[in-house]
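See below for the structure under consideration.
Computed from the coordinates by the stated procedures, all read-outs in this text should not be read as laboratory data. Because the structure is a prediction, the values reported are computed rather than measured. Neighbour counts run over all protein chains shown; Cβ positions are idealised from the backbone, glycine included.
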């Protein structure tokens, strides 16, 4: 790995944009993501900027149990994100459907069936610290050596 | 004074200000120990009362599994919502989460399960399936035959003269095996959960 590549890796891991998409949650996890922006947890001190525009995003936070209204739209959002990209499932709903995944409900959990998920954060809702840890743990591995692994 | 350029230059040349500017750190991401996490075993022996599974509001979050030579509850992350009800409902204190157990001990609170057996005699055919399926009955009277007849007075329920009779409702453990085995759906078990607070005397703490 040459010096330029090493600098690129370092800089990329410290400058990522996050978009979040709510595919039918109860808003509990949305509020926890919002708490990450607040001064107590302060997601921007890690160089993470929540922009909520898939065209500019590197990390997509998926929140919610995948209601039928999202059947075509979530894939569209995922395709709009330029490579390298990664999706993180926030909360129980995108992992298992949790309380909403009962008989005669219309949710189509897990979200893993529809888009590739790199990290899952369990909890109902997960704490802001856990959300931050998940984003921080994926950023180093995903964005490192991108040109070499995808020529 | 605040408008003076020199005042600003002196202010930013202060040693404390430069130190704070270069080396300021935000608080590390630590979870305080009193936060409710996923329930963890305390090391006490699980008596297989299954109250944790009965009280759990999230589907598929907790299972009591036979692990080698003992029973042990297992929490499934991604299903568990960290409500802590299993910690409160367990009569043996097998699980812990945050400071739930300390709070319960200090305030003398507990969750009590009781079970009621309701039988619809219009639907009941007196076949005795429930009596023979019941695991508590089997432990008390292993000789109970297929008709559900028993000469033992200690059983939960038995068939007398073609009708089901409940003798000891208090021995029911709420497993609902009888409900599953009933061909007509005549028997129903009600699981009743009560919050209970016992006054704690000052001297006992």
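Evaluate peptide B:78-88: per residue, the Cβ atoms of other protein chains within 10 Å of its Cβ; return the mean as an integer. Numbers along the way, then the final one.
Working: counts 16, 9, 6, 9, 7, 1, 0, 0, 0, 0, 0.
Across B:78-88, the average partner-chain Cβ count within 10 Å equals 4.
Quick check: Cα centre of the stretch B:1-54 to Cα centre of the stretch A:9-31, how many Å?
21 Å
Take the Cα radius of gyration of chain B and divide it by 2.2 N^0.38 Å, with N its residue count; two decimals is plenty.
1.73
Take every residue in peptide B:71-77, count the Cβ atoms of other chains within 10 Å of its Cβ, and give the average of those counts.
Values: counts 0, 0, 0, 0, 1, 4, 7.
Taking all residues of B:71-77 together, the mean is 2.
Take each of the peptides B:141-152, B:90-101, average the number of other beta-carbon atoms within 10 Å over its residues, and list them starting from the highest.
B:90-101, B:141-152
At q = 0.19, 0.22, 0.27 Å⁻¹, what base-10 log of I(q)/I(0) does the Debye formula yield for the stretch B:40-107 when every alpha carbon is treated as an equal point scatterer in vacuo?
-0.69, -0.93, -1.33
With equal scatterers on the alpha carbons only and no solvent term, can you work out the Debye log10 of I(q)/I(0) for the stretch B:1-48 at 0.24, 0.28, 0.29, 0.31 1/Å?
Computed log10 I(q)/I(0) values: -0.95, -1.04, -1.06, -1.10.
Kindly provide the Kirkwood hydrodynamic radius of the stretch B:130-192 in Å, to one decimal, from all pairs of distinct alpha carbon atoms.
11.7 Å
DSSP beta bridges in the protein assembly as shown, what fraction antiparallel, as a percent rounded to 5? Write down the numbers at each step before the final one.
Working: 23 of 39 bridges.
Bridges in the protein assembly as shown are about 60 percent antiparallel.
From the P(r) of the protein assembly as shown, can you give the percent of Cα pairs sitting at distances over 31 Å?
57 percent
Against the empirical 2.2 N^0.38 Å scaling, what ratio does the C-alpha Rg of the stretch A:17-135 come to?
0.99
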